[in-house]
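Note sheet for the following structure.
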Amino acid sequence: MHTIMGITVGLVALCLLAAGLYYHARRNALQSDPILIGSCYLSGAGLLLGNWLVPML
């Protein structure tokens, strides 16, 4: 069960990072808010870091 949850959290984090990259690349065409781009990056990175750190505790 722990492995499935880890994989799911990892996939969600990668999707958030990919969304951040997409919004960053299309920033002018989509008129994306920099806060949206930053929040995608930070939440994706936070999930990846948490997914890596929590099993170590």
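The values are calculated or read from the model by the stated rules, or taken from the named source; none is laboratory data. Keep in mind that what you see is a predicted model, and the values were worked out from it rather than measured. Note: accessible area is taken over every heavy atom of the protein model, side chains too, but ligands, DNA and RNA are not part of it. Shrake-Rupley method; radii C 1.70, N 1.55, O 1.52, S 1.80 Å.
Send over a whole-number figure in Å² for the accessible area per residue of the chain, probe 1.4 Å.
Working: 4370 Å² over 57 residues.
Roughly 77 Å² per residue, with all protein chains present.
Can you pull the percent of the stretch 7-57's accessible area that's carbon plus sulfur, 1.4 Å probe, other chains left in place?
73
Considering the values (1) 1.11; (2) 1.19; (3) 0.91, which represents Rg/Rh (Cα atoms, Kirkwood Rh) as calculated for the structure under consideration?
Here Rg/Rh (Cα atoms, Kirkwood Rh) agrees with entry (1).
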